[in-house]
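In what follows, a structure is listed as structure tokens, so that the remarks can point back to it.
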Amino acid sequence: MKKTSIAIVLIFATVFIHSCQKDTTFLITETSVGPLTQDTKATELETTFAKDSVVGDQVQIDLGASPKKFEVFEKGGKHLLTLTVNTDSVPTIENVRIMDPRYVSEKGIGLKSTFKDIQSKYDIKKIVTTLKSIVIFPKGSNLYFTIDKEELPENLRFSTSDIEAVQIPDDAKIKYLMVGWE
């Protein structure tokens, strides 16, 4: 009877500990995106995403070169990530473009978030204006967010001058979410 009680307690403890572990499948941190880390080598992508499909840049492969860009797809065909590899002697991931809205940062920001959400969770380091978008760089973070200029007031959509945070509508949607590792 005593051994049975101990066994039951151990089983419940194991189940409890396992259920409390946070699912990191779609979590973005400063050093990881899901199972991918900033130290993952390009040659390890197939094993890192063993349940998914990893596709290399076919033009590079046809030329006999190592691909510089990889796309990761869920087995059902959903595009999860686009990865860019650096040119070091042992290539690792340099840039990650998040394609699936299930990925969210530790602070809860993802592709379904708005500029107001970004501002409430991050201090903004700088905003860069490009021809068709603005790129928001938070302080102390490897993340950066792109908002299409179509989300801005009409008088700013064709502007090439710097755009300030106060000029960006709270409800402006994120177009691209990226992680850059150097």
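The values are calculated or read from the model by the stated rules, or taken from the named source; none is laboratory data. Quantities reported herein were computed from a predicted structural model and do not represent experimental measurements. Here the Cβ is made from the backbone with ideal geometry for all residues, glycine too, and neighbour counts use every protein chain on show.
So which residues in segment 144-177 are touching a helix residue (DSSP H, G or I) at 6+ places or on another chain (Cβ under 9 Å) and hydrophobic (A, V, I, L, M, F, W, C), if there are any at all?
Filtering segment 144-177 for residues touching a helix residue (DSSP H, G or I) at 6+ places or on another chain (Cβ under 9 Å) gives 145, 147, 149, 151-153, 156-159, 163, 165, 167-175.
Once the filter is applied, which keeps residues that are touching a helix residue (DSSP H, G or I) at 6+ places or on another chain (Cβ under 9 Å) and hydrophobic (A, V, I, L, M, F, W, C), segment 144-177 yields F145, I147, L152, L156, F158, I163, A165, I168, A172, I174.
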Residue count, segment 148-175, condition out of contact with any Phe, Trp or Tyr (no Cβ under 6 Å at 6 or more places or on another chain) and either aliphatic (A, V, I, L, M) or not assigned by TED's automatic domain parsing to the domain that holds F115 (or both), comes to 5
For segment 136-163, give me the residue count where each residue is touching a strand residue (DSSP E or B) at 6+ places or on another chain (Cβ under 7 Å) and not polar (S, T, N, Q).
13
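In segment 113-140, what residues are in a loop (DSSP other than H, G, I, E, B) and either of a type outside the set (G, A, S) or at positive phi (or both)? Walk me through it before giving the result.
Of the residues in segment 113-140, the ones in a loop (DSSP other than H, G, I, E, B) are 113, 122-123, 130-132, 139-140.
Answer for segment 113-140, where residues must be in a loop (DSSP other than H, G, I, E, B) and either of a type outside the set (G, A, S) or at positive phi (or both): Y122, D123, T130, L131, K132, K139, G140.
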Considering every residue within segment 101-115, establish whether at least one is surrounded by fewer than 17 Cβ atoms within 10 Å (Cβ to Cβ) and in contact with a Leu (Cβ under 6 Å, 6 or more places away or on another chain).
yes
By residue number, the members of segment 30-42 that are surrounded by 13 or more Cβ atoms within 10 Å (Cβ to Cβ) and over 18 Å from G108 (Cα atoms) are L36, T37, Q38, T40, K41, A42
Taking the stated definitions as given, is G77 exposed (fewer than 13 other Cβ atoms within 10 Å of the Cβ), small (G, A, S), out of contact with any Asp or Glu (no Cβ under 7 Å at 6 or more places or on another chain) and not assigned by TED's automatic domain parsing to the domain that holds G34?
no
For residues that are under 16 Å from Q119 (Cα atoms) and assigned to a helix (DSSP H, G or I), tally how many sit in segment 152-168.
3
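Here is a check on your reading of the model: is T146 more than 20 Å from G180 (Cβ to Cβ) and either buried (at least 17 other Cβ atoms within 10 Å of the Cβ) or touching a Pro at 6+ places or on another chain (Cβ under 9 Å) (or both)? Let's see the steps before the verdict.
Details: more than 20 Å from G180 (Cβ to Cβ): no; either buried (at least 17 other Cβ atoms within 10 Å of the Cβ) or touching a Pro at 6+ places or on another chain (Cβ under 9 Å) (or both): yes.
Considered against the rule, which asks whether it is more than 20 Å from G180 (Cβ to Cβ) and either buried (at least 17 other Cβ atoms within 10 Å of the Cβ) or touching a Pro at 6+ places or on another chain (Cβ under 9 Å) (or both), T146 comes out as no.
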In segment 24-57, which residues are in a strand (DSSP E or B), of a type outside the set (A, V, I, L, M, F, W, C) and within 10 Å of the chain's Cα centre (by Cα)?
S32
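Evaluate segment 89-110: report whether one residue or more is among the aliphatic types (A, V, I, L, M), touching a strand residue (DSSP E or B) at 6+ places or on another chain (Cβ under 7 Å), part of a helix (DSSP H, G or I) and outside the structural domain of S161 (by TED's automatic domain parsing).
Taking segment 89-110 first, the residues among the aliphatic types (A, V, I, L, M) are 90, 93, 96, 98-99, 104, 109.
So of that shortlist, the ones also touching a strand residue (DSSP E or B) at 6+ places or on another chain (Cβ under 7 Å) come out as 90, 93, 96, 98-99, 104.
Now narrow it down to the ones that are part of a helix (DSSP H, G or I): none.
No, because not a single residue in segment 89-110 is among the aliphatic types (A, V, I, L, M), touching a strand residue (DSSP E or B) at 6+ places or on another chain (Cβ under 7 Å), part of a helix (DSSP H, G or I) and outside the structural domain of S161 (by TED's automatic domain parsing).
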